[in-house]
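Written out below as structure tokens is the structure these notes cover.
Where a number appears in this text, it was derived from the coordinates with a stated rule and is not lab data. Just so you know, these numbers come straight off a predicted model, no measurement behind them. Backbone-built Cβ (ideal geometry, glycine too); neighbour counts: all protein chains shown.
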Amino acid sequence: MKQLLNKKNILYVIGLAAVYGIIQFLIMVDIINQYYQVNLVVICINIILAVSLNLVTGFTGQFSLGHAGFMAIGAYVSAVITTKMPQEYSFFIGIFAGAIIAALVGLVIGIPTLRLKGDYLAIATLGLAEIIRILILNIDYVGGAAGLTGIPQYTNWTWLFIFTVATVLIIVNFIRSSHGRACISIREDEIAAESMGINTTKYKVLAFVIGAFFAGIAGALYANYFYYIKPDLFGFLKSIDILVIVVLGGLGSITGSIFAAILLALISAYLQSFPELRMVIYSLLLIIIMIYRPQGLMGTKELNSLFRKKAEKIK
């Protein structure tokens, strides 16, 4: 208990409470209007997606392109529960059902595919994500190609904040645990990790399942905010978008994923004023950033480690 109530944790709680309170107040007085709220939703969902993919790609070293498939599962499962079976707690049931089913699919997919490495794994996960999309496309119960409409809007700033913070905290604590260190050892040298007695397949599948679980939560939050979902929203390009955030922030940096998700959402929102050149400018900015900062914004470092180094230099 004393470890939880140390000065650093108390400051974190105060900071998070201040962020939540300020944004909630700005929403209530309509300074953050509907347009800015949409961008806020996109930022939070992208943080959940990027942090969960970073666990797989950045910390465990498995090149996955199937994250959008797990997001689709979470979105559709949650949407079906909240629209077809309306009840008081359908939102929570939908979120956790979507996340659990996404995790189970991740387990089924992960056991055979995670024996592959590098480009082969990327191709396999991409193919499996497309299988998920095509299956949804051909299920009339969920709208097929036309998509699913009339989804209740249960997602709001409070739930976005809670699930985003919870995702970051859970994954950070997992990385700091012995399981997380085993995942990092696999990224650094899989053969050496195996020789030290680490069950590499087990930990690769574990990271993959956790990543799929949180991608399912992101999909559920998305579906219950935007009223309407269709299979094309969760295609190959969505997986690439998530991977771009992870690489831009820095493979192996949770803080980097958060900063990159915020930065790319803000750039995309600003470029809405230039629809003809939006994607050209967006792509050029990414190219420039990666030329001058190929390791990403944060590399493998976290924000607290940078502050610690500066404090040591001052001493």
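Using 0.36 nm times the number of residues separating Lys117 and Asp232, minus their current alpha carbon distance, what extension gain do you get?
38.6 nm
So what is the calculated 222 nm ellipticity per residue for the chain, using -39500 (n - 2.57) for each DSSP H run with n of 4 or more, over all residues, to the nearest 500 deg cm²/dmol?
Taking each H run of at least 4 residues, the total per residue is -24500 deg cm²/dmol.
List residues of segment 41-85, by number, whose backbone nitrogen lies under 14 Å from a label position 7 Å along Cα→C-beta of Thr149.
none
As I understand it, the dipole of the chain uses +1 on the Cβ of Lys and Arg and -1 on the Cβ of Asp and Glu, about the Cα centre. Which of Gly252, Ile43, Asn33 lies farthest toward its positive end?
Farthest towards the positive pole: Gly252.
So how many Lys-Lys pairs in segment 33-314 land under 14 Å Cα to Cα, not counting same-chain pairs under 8 apart?
Taking the Cα cut-off of 14 Å, the pair count is 4.
Given a Förster distance of 30 angstrom, what is the FRET efficiency for Met279 paired with Ile191, based on the Cβ-Cβ distance and rounded to 0.05?
On the way: r = 41 Å, r/R0 = 1.38.
Step by step, r from the Cβ atoms, then E = 0.15.
How would segment 96-146 be classified by its alpha-carbon gyration tensor: rounded, prolate or oblate, with rounded meaning a/c under 1.5 and the a/b versus b/c comparison settling the rest? Let's see the in-between values first.
Details: a/c = 3.62, a/b = 1.59, b/c = 2.28.
Oblate.
Can you compute the charge dipole magnitude of segment 163-253 about its Cα centre, using +1 on each Lys and Arg Cβ and -1 on each Asp and Glu Cβ, nothing else charged? Give it in debye, rounded to the nearest 20.
With only Lys, Arg, Asp and Glu charged at Cβ, the dipole is about 220 debye.
Taking the Cα-to-Cβ direction at Tyr36 and at Tyr20 and moving 7 Å from each Cα, how far apart do the two end points lie in nm?
Reported label-point gap for Tyr36 and Tyr20 is 2.0 nm.
Quick one: Cα centre-to-centre distance for segment 25-44 and segment 126-182, in angstrom?
Result: 21 Å between the Cα centres.
Measure out, as a whole number of angstrom, how far apart the alpha-carbon centroids of segment 96-117 and segment 205-224 sit.
10
Can you sort Tyr12, Tyr141 so the residue with the fewest Cβ neighbours within 10 Å comes first?
Going from sparsest to densest Cβ surroundings: Tyr141, Tyr12.
Listing Glu130, Glu194 from the residue with the fewest other Cβ atoms within 10 Å to the one with the most, what is the order?
Glu194, Glu130
By its C-alpha gyration tensor, with a ≥ b ≥ c as the square roots of the eigenvalues, how is segment 39-114 shaped: rounded for a/c under 1.5, else prolate for a/b larger than b/c, else oblate?
Working: a/c = 2.92, a/b = 1.53, b/c = 1.91.
Verdict is oblate for segment 39-114.
Taking 25 °C and 0.890 mPa s as the conditions, I'd like the Stokes-Einstein D for segment 33-314 in µm²/s, using the Kirkwood hydrodynamic radius from alpha carbon pairs. Kindly include the intermediate steps, with their values, before the conclusion.
Numbers: Rh = 19.2 Å.
Estimated diffusion coefficient is 128 µm²/s.
What ranking of Phe236, Phe96, Phe259, Phe25 emerges when the number of other C-beta atoms within 10 Å of each C-beta is taken as an exposure proxy, fewest first?
On the way: Phe236 15, Phe96 18, Phe259 21, Phe25 11.
Arranged by neighbour count, lowest to highest, Phe236, Phe96, Phe259, Phe25 become Phe25, Phe236, Phe96, Phe259.
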